[in-house]
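Shown next, in structure tokens, is the structure this report addresses.
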Amino acid sequence: MNVNLIVWDNGFGLTRNLRLLGEALRACGHRVEVSAIRRGKLRKILQPRLVRARIAWRRLRGAHMQRYDVNLMLEHVRPEYFPLARHNVLMPHPEWFLGSDRAALGGVDRVFALTRHAVPIFEGLGRPVDYVGFTSEDRLDRDVPRERAFFHLAGRSQNKGTEALLALWRRHPEWPRLTVVQNPRTAKPGPAAANIDHRVDYLSDAELKRLQNAHRFHLCPSETEGFGHYLVEAMGVGAVTVTVDAPPMHEMVTPGRGALVGVARTGTQNLATTYFFDEASMEATVARLIGMDDAELDRIGAAARAWFEANDREFRARIGAAVAALG
């Protein structure tokens with residue numbers, strides 16, 4: 001199958017998704033091209049017009065307008081691309097699914113869901129849905145020594161529970177060091193604390209990978225996730241990953257291969273429910289992990305790594321088969 005990947009090439013999560021998806025499809029024997037929508041206001045205005053102009057030109061020439069077997073759109077519906085393929089498929093994130101996406105959803109033939117939680121959400125909008133899941137980059141480096149310390153990769157997201165986590169850590173000076181990596185554009189550092197290393201900076205990939213592998217514990221109390229790369233990367237390095245006991249986060253992290261904390265309250269973000277961690281539950285979980293022996297931590301980390309490897313294999317098989325089934 002000739003697949004056209006359509007995505008905003010934002011240099012962050014969507015760019016990573018583009019690369020991982022392209023690699024998986026090519027490994028299954030599909031041909032992959034990329035229609036990358038670049039940043040910039042002018043580009044945002046011109047991109048749909050340029051695509052429509054190319055489509056109109058092909059119509060006038062009587063050429064083969066359907067250049068692709070499949071348009072695979074990541075995150076948002078791009079109706080200007082519909083005529084270029086026989087099948088139009090969307091891989092959405094419920095938390096970023098906009099009214100404009102819903103208005104154009106009728107032109108989408110199928111939805112490929114990244115989580116099982118997303119399946120009924122999009123079935124409820126009247127579209128056929130296949131669960132395909134997703135995968136994350138393998139960040140494991142076994143040569144990095146592990147410390148009994150905590151790590152939180154906030155990045156530039158504001159849905160990671162970062163501020164509440166920092167406030168909780170300041171109330172517990174007896175706890176081990178918490179390292180937080182956060183984008184300067186979204187960071188709100190607050191008062192300094194001796195057991196908090198708040199890195200408000202752009203780190204090299206090598207340094208970020210070292211930090212991911214150096215910490216026994218990764219705190220990932222996401223309010224919502226379209227898939228959850230920072231949870232899955234944490235599991236991939238064999239860390240003990242802590243997240244909220246709510247969908248879709250608890251699809252990846254379970255008590256046997258991580259730790260779950262309770263929910264204090266909920267909210268909404270587009271089609272997604274947002275979940276805010278319960279502080280007392282987080283306190284109890286951190287205290288329990290601090291007191292856990294190395295053998296038990298190793299067992300949990302090994303189970304997390306095993307799940308990461310199995311999930312990667314299964315995703316590659318599912319996405320290849322789902323595209324091939326479109327015919």
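Bear in mind that the values in this text are calculations on the coordinates, not laboratory data. Every value quoted in this text rests on a predicted model; they were computed, and no experiment measured them. All Cβ positions, even for glycine, are placed from backbone atoms using ideal geometry, and neighbour counts span all protein chains on display.
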Which ordering of D205, D9 is given by a fewest-first count of other beta-carbon atoms within 10 Å?
D205, D9
To test your reading of the geometry: what angle, between 0 and 90 degrees and rounded to tens, separates the Cα axis of helix 41-61 from the longest principal axis of the chain?
30
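List the chymotrypsin sites (Phe, Trp or Tyr not before Pro) within region 182-288 that fall in a DSSP loop (any state other than H, G, I, E or B) and whose Cβ has at most 14 other Cβ atoms within 10 Å. Show your work: numbers first, answer last.
Working: sites: Y202, F217, F227, Y230, Y275, F276, F277; in loops: Y202, F227.
Sparse-neighbourhood loop chymotrypsin sites (Phe, Trp or Tyr not before Pro): Y202.
Placing unit charges on C-beta atoms (Lys and Arg positive, Asp and Glu negative, everything else neutral), compute the dipole magnitude of the chain about its Cα centre in debye, rounded to 20. Mind dumping the intermediate values first?
On the way: 45 positive and 37 negative charges, 371 e Å.
For the chain, the charge dipole is close to 1780 debye.
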For the chain, what does the helix formula give at 222 nm: sum of -39500 (n - 2.57) over DSSP H segments with n ≥ 4, over the residue count, nearest 500 deg cm²/dmol?
-11500 deg cm²/dmol
0 to 90° range, to nearest 10: angle between helix 13-27 axis and the chain longest Cα axis
70
